[in-house]
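Bear in mind that the values in this text are calculations on the coordinates, not laboratory data. Owing to the predicted nature of the structure, the values given are computational and were not obtained by experimental measurement. All Cβ positions, glycine included, derive from the backbone under ideal geometry; neighbour counts span all protein chains shown.
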Amino acid sequence: MHLALFYELVDDYLERRGALREEHLALARAAHANGDLLLAGAFDAPPDRALLVWSSDDEDVVRRFVASDPYVAQGLVTAWQIRPWNVVVGG
């Protein structure tokens, strides 16, 4: 079981993320380094959402990430959702 974290982003996300990007990426890299976060990135054309895939089935791990994420705290994320994801092909 994996968890998928979906972020819905503000319209001017690309313009506003610069000042927060390094802090956000450091948080994501730390989660990846400890084995919780598998993949993460924003969708393109339009850049209105992001997807973060977690190897953990513990929603509290994901909720702690969200609570610490400067993109969320500074309003770049308008809504977020955690969904269980049953992987049937691949690791």
Task: the chain: angle of helix 21-33 to the longest principal axis, Cα-based, in degrees nearest 10 - done: 10
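Please compute the length gained on full extension between Ala73 and Leu27, using 0.36 nm multiplied by the number of residues separating them and subtracting their Cα-Cα distance.
15.2 nm
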Task: Likely footprinting exposure, Arg83, Arg17, Arg63, fewest C-beta neighbours within 10 Å first - done: Arg83, Arg63, Arg17
Open item on the list: Compute the distance from the alpha-carbon center of segment 30-91 to that of segment 5-26, in whole Å.
Closed with: 13
- [ ] Over the residues of segment 2-85, compute the C-alpha Rg and express it relative to 2.2 N^0.38 Å.
- [x] 1.01
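What number, rounded to the nearest 500 deg cm²/dmol, is the helix-based mean residue ellipticity at 222 nm of the chain, given -39500 (n - 2.57) per DSSP H run of at least four residues and division by all its residues?
Computed ellipticity for the chain at 222 nm equals -9000 deg cm²/dmol.
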Task: Student exercise, the chain dipole from Lys, Arg, Asp, Glu Cβ charges, in Debye to nearest 20 - done: 100
Task: Furthest towards positive pole of dipole, Ala50, Leu39, Gly90, structure part the chain, Cβ charges - done: Gly90
TODO: State the extension gain, in nm to one decimal, for the chain segment bounded by Arg49 and Glu8, taking 0.36 nm per residue of separation less the distance between their alpha-carbons.
DONE: 14.3 nm
Task: Extension gain, Arg64 back to Asn86 (0.36 nm per residue minus Cα-Cα distance, nm) - done: 5.7 nm
- [ ] Mind listing the long-range amide H neighbours of Trp85? Cut-off is under 5 Å, sequence gap 5 or more, other chains count too, H placed in the peptide plane at 1.01 Å from N.
- [x] His2, Leu3, Ala4
